[in-house]
1. Among the listed residues A:ILE590, A:ILE585, which satisfies the condition of being away from every other protein chain (no Cβ under 14 Å), open to solvent by 10 Å² or more (accessible area, probe 1.4 Å) and modelled with pLDDT of 95 or more?
2. Any residue in region B:150-173 that is facing another protein chain (nearest Cβ under 10 Å) sitting within a Cβ distance under 7 Å of a residue that is outside any loop (DSSP other than H, G, I, E, B) and within 13 Å of ligand 1 (Cβ to nearest atom)? List the pairs, counting only those 6 or more apart or interchain.
3. Between A:PHE569, A:PHE558, which is closer than 13 Å to A:ASP17 by Cβ and within 14 Å of chain B (Cβ to nearest Cβ)?
4. Checking the conditions here, which among B:ALA141, B:ALA94 is touching a residue at least 40 places away in the same chain (Cβ under 8 Å) and within 16 Å of ligand 2 (Cβ to nearest atom)?
5. Among the helices (runs of 4 or more DSSP H) lying completely within region A:1-119, list those that include at least 1 residues that are in contact with a Phe, Trp or Tyr (Cβ under 7 Å, 6 or more places away or on another chain) and more than 14 Å from every other protein chain (Cβ to nearest Cβ).
6. Which of the numbered conditions does B:ILE224 fail, given that it passes all the others? Conditions: (1) open to solvent by less than 40 Å² (accessible area, probe 1.4 Å); (2) in contact with a Lys or Arg (Cβ under 8 Å, 6 or more places away or on another chain).
7. For region B:20-43, check the following and say yes or no: at least one residue is within 16 Å of ligand 2 (Cβ to nearest atom) and on the phi > 0 side of the Ramachandran plot.
8. Right, B:ALA27: within 7 Å of ligand 1 (Cβ to nearest atom), within 11 Å of another protein chain (Cβ to nearest Cβ) and touching a residue at least 24 places away in the same chain (Cβ under 8 Å) or not?
Amino acid sequence: MASLPHPRAARRRTSSDDWVARGLILVVASYLVVTLIFPLFTMVTRSVEVFRFDLDLITVQFQTEAGWQAERSVQDWIEATGHEVNAGVRVSERSREQILRIIPRAEFQGVDLVRVHDRSDGRGLVMVAGQFIGGGNSWEGTPADLRRVQIRPVGEFGLANYTHYFATPTLRQSIVNSFAIALGTTGIVVPLAFAYAFALTRSCIPFKSAFRTIALVPILVPSLLPAIGLVYLFGRQGILTPLLMGESIYGPIGIVMASVFFVFPHAVLILTTALTLADQRLYEAAKVLNASPWRTFWTVTLPAARYGLISAAFVTFTLVITDFGVPKVIGGNVNVLALDIYKQVVGQQNFQLGAVVSMVLLLPAVVAFTVDRIATRRQVAMLNARTVPLVPRAHKIRDRTLLVVCSLMAIFILGILAMCQFAALFQFWPYDLSFSLRNYDFDRMDGGGWAAYWNSIRMATYTAVIGTAAIFLGAYLVEKAPRLGLSRDFMQFMAMLPMAVPGMVLGLSYIFFFNDPTNPLNTIYGTMAILVVSTITHFYTVAHLTAVTALKQMDKEFEAVSESLKQPFWRTLRRVTIPVCLPSILDIAIYMFVNAMTTVSAVVFLYSTHTALASVAILNMDDAGDIAPAAAMGMMIFYTNIAARLLHMATSRAVRSSQAWRQR
Amino acid sequence: MDAVAAELAEPYLVIDQVTKRFGPFVALDRVSLAVRDGEFVCFLGPSGCGKTTLLRAIAGLELQSEGAIRQKGQDISLLPPSARDFGIVFQSYALFPNLTVADNVGYGLVGRGLRRGAIQARIDELLRLVGLPDQGPKYPAQLSGGQQQRVALARALATSPGLLLLDEPLSALDAKVRQRLRLEMKDLQRRLGVTTIMVTHDQDEALTMADRIVVMNEGVIEQIGTPEEVYTRPATAFVADFIGEMNFLDGALTDAAAVRVGNLTLALPAPVASGPEVTIGIRPEDVRIDDAHGIEAQVHHVEFLGAHVRVSLDHEAFGPRGLVADLAQNLYRARGGVAVGERLRLGLPPERLLVYGRS
Ligand SMILES: Nc1ncnc2c1ncn2[C@@H]1O[C@H](COP(=O)(O)OP(=O)(O)OP(=O)(O)O)[C@@H](O)[C@H]1O
Ligand SMILES: [Mg+2]
């Protein structure tokens, strides 16, 4: 009886309110489809696009005094001359072959006119001065004019890019390098962050709030900056270079050290949350059972924090394996996956291979993301269980050890930043230690100058304002709007996806999707808009989850009450939901701002000369050997983010005190 | 003419064969019910029996899988909540924390073409009505639970809805406040004459407040009746068990007017048509003690309950559960108490016996 299928499910009549809500969720969901699914899909197709020169289809005919000679295909010529197609390099979309390079100069003796016939279909393969002559047409000109004639490769679909990738040892090596470095960093960061978080939550060390703040500082700078700091500290003229005992900082050591710096705050945040969940009663039970502190740690503390540890490990792994700033600056000749994408695209213009590397990088990122989500969900389930909070007790040896660990870590973090600041302020570290602002004269360097800095601020502001509004609206609809049916589930799924996509992959997929002249959205390519869009999408998930958490804390019947009172949902959204969630909305805004200031990976593919960004300028200045100005720019981002955080704190405080109902 | 008469005759709210499924789970199974204009109806039942689901279906917050709902003769089954005529109070009250009490109460008055002054006057009137005349400028968090409940009630009544829906409106309050508010709410409802449906799992609440009680269990209605009816003539063994205290004895019909329980034969008030296997029910207060022709049973336990004394009695026919009898305090005193181990003669008056078929 109970499992009988519905004979005919009733369908509700739809109110105008429902239409508005549906329209809005459609807008937000379409945004994610257009800025995430479509680009990724384009990238997947490009990764299976294979190019080759089909030179049988092009024929050449010479006119001499004796009239037109016999036609010969270009392929014929190649076989006759032994010319190496595309100079032996793998053919990509942008490769071009020239007839002049194939047919030896001597053959043009006595030739008055050359006729090139394109026997392919459609747009054709032959271009003259950048214009297609069209399939089936021919071109005539003097041998000198032949300079302007280029042959395009034809594209087909196949797995050749992948077989090429995996058959190339240097490329394959990057997979090994990436995993080794990411695993190594995870192995160092997780225990370190655990000790640090343990000290903050479970011990009686002094200066806890200072340590807490210091641990979060690395979030405020791009990952390029610790690498630059390490170059100064441990590079050829570094003050600490002897500590490396002959090893070079350029390579795995440098990458791991800089990675430890920039992922540390993320791991500490996750583990502090996990360790805050301790249940006093378990510890009392352990005490009653006479368990040693060491045994208690292994049997109570660690198991209780297990989901936090899993989550921290996978987040660390993902952040490191997808980061390209650190290996770019300090990698030496060690290649990693993220860097390969950059090199294939920016260096060799081989977009297809870039897409293949992206797919290879996407795989571990998606796996790590999935594991992290599951762990986080379990963790949240534990959070809701009723526990008695733990009050830490003093323990001399333990507290002293932890104080040493925390202090060393704090010195490491602050030391790197201080080094960058010194390097930026001296004439020429370490040779000329006189004070100078020369390194702040960004306009004299390549990379975009001060304009890049102001662009960054504009970009971060737009991202914070537009992104927060859109993401909060999306989260509101998912959580609160009634009667959305399947579109709610779809939107919920879409909102989680961006976190699984590495920045480099997102950026490259944007090139494919938005730089396509047949795409009407092509107009935003090279503008500020595409930088804002990519950044919003890149950081969508965490912001969405913050909004969802805030919304879940509100009474779930507000919308029902408002409907029963015949009020449109947007009135309740404006009058109640937004004011109540304002502190969380501000949190989302500062998160978006800070990340927009520091991000490099997606935007590095998308900026144009007049939309260069501060973080990209660091990269370019470092590339050009202007390391001190790069450090100076990095510190500018740092101070800007500090200012933004202070502004955020002040605003939050003002909001709390202006909202009388928050006071009891 | 006839159509108009029929319409006038139709009850205010009609729920017709409403079924609600959540996936394979049936939360409401062909529920039918009619509520008269101005009536106070309580949905009563154990947790998870579907009370809230039915209330939300009436409000349009949950769409029934099958069946129809008519209000004032109009089919509202498929209307969204905003197109239905009702006010609602939730268990959590769902007061907007950032709005003052006055703004909460006046929330539904905006957008109805009312002047500012008229809105303010209406808010004042409502706050007076619920006994909170001076609390307008405060925020909900500054009020006690009982006051918050009354603000939620005022907000639901502000737009003068024809139907008031209350989902466990008193369950978040402590016992004293709850008892006082029961009376206040019932009084208010009677004065306003608003048709009201209240969900509760507290039988005392239902018995004191409702004109009629709808007893629900596992998605079906077990009985609809006045408090007196459901108490004195529970239609099913479930209702008999759920409301008040009840002794159950297993027996078998010997003929239509007598039943055999162990070695006892009990007379029945009226002939019963049912299988031979039956369950006999009798309320503890209906068990007569010191009945000259009664059954002899031994006192096993005596419990002092304030207004009366509960005596547990053993007899081989009563089975392991025994039988409890409630003795009014004055009777108890008059007979000089009851001692454990004492043998009493019990009367089970036929007119008080309830008979339920057993399958
Ligand atoms: N959205 C839903 N999805 C699935 N099952 C649901 C949903 N809402 C209610 N149920 C189930 O339907 C049944 C009836 O729920 P309902 O909330 O109506 O119970 P109730 O009688 O109000 O109980 P309580 O006294 O605990 O409030 C329960 O078993 C519940 O688990
Ligand atoms: Mg309920």
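The values are calculated or read from the model by the stated rules, or taken from the named source; none is laboratory data. Source: prediction; values computed, not measured. Using ideal geometry, Cβ is built from the backbone for each residue, glycine included, and neighbour counts are taken over all protein chains shown. To get the accessible areas, we keep the full protein, side chains included, count just its heavy atoms, and leave off ligands, DNA and RNA. Shrake-Rupley method; radii C 1.70, N 1.55, O 1.52, S 1.80 Å.
1. Details: A:ILE585 fails: away from every other protein chain (no Cβ under 14 Å).
The unique qualifying residue is A:ILE590.
2. Partner pairs satisfying both residue conditions: B:LEU165/B:LEU55; B:LEU165/B:ILE58; B:LEU165/B:ALA59; B:LEU165/B:ILE197; B:ASP167/B:THR52; B:ASP167/B:LEU55; B:ASP167/B:VAL199.
3. On the way: A:PHE558 fails: closer than 13 Å to A:ASP17 by Cβ.
The unique qualifying residue is A:PHE569.
4. The match here is B:ALA94.
5. Numbers: elements: A:16-32, A:38-47, A:74-81, A:99-102.
By residue number, A:16-32, A:38-47, A:99-102.
6. Tallying (1) open to solvent by less than 40 Å² (accessible area, probe 1.4 Å); (2) in contact with a Lys or Arg (Cβ under 8 Å, 6 or more places away or on another chain), B:ILE224 fails exactly one: (1).
7. First, the residues of region B:20-43 that are within 16 Å of ligand 2 (Cβ to nearest atom): B:20, B:22, B:25, B:27-28, B:31, B:41-43.
When the remaining residues are screened for being on the phi > 0 side of the Ramachandran plot, the result is none.
No: zero hits.
8. On the way: within 7 Å of ligand 1 (Cβ to nearest atom): yes; within 11 Å of another protein chain (Cβ to nearest Cβ): yes; touching a residue at least 24 places away in the same chain (Cβ under 8 Å): yes.
It is true that B:ALA27 is within 7 Å of ligand 1 (Cβ to nearest atom), within 11 Å of another protein chain (Cβ to nearest Cβ) and touching a residue at least 24 places away in the same chain (Cβ under 8 Å).
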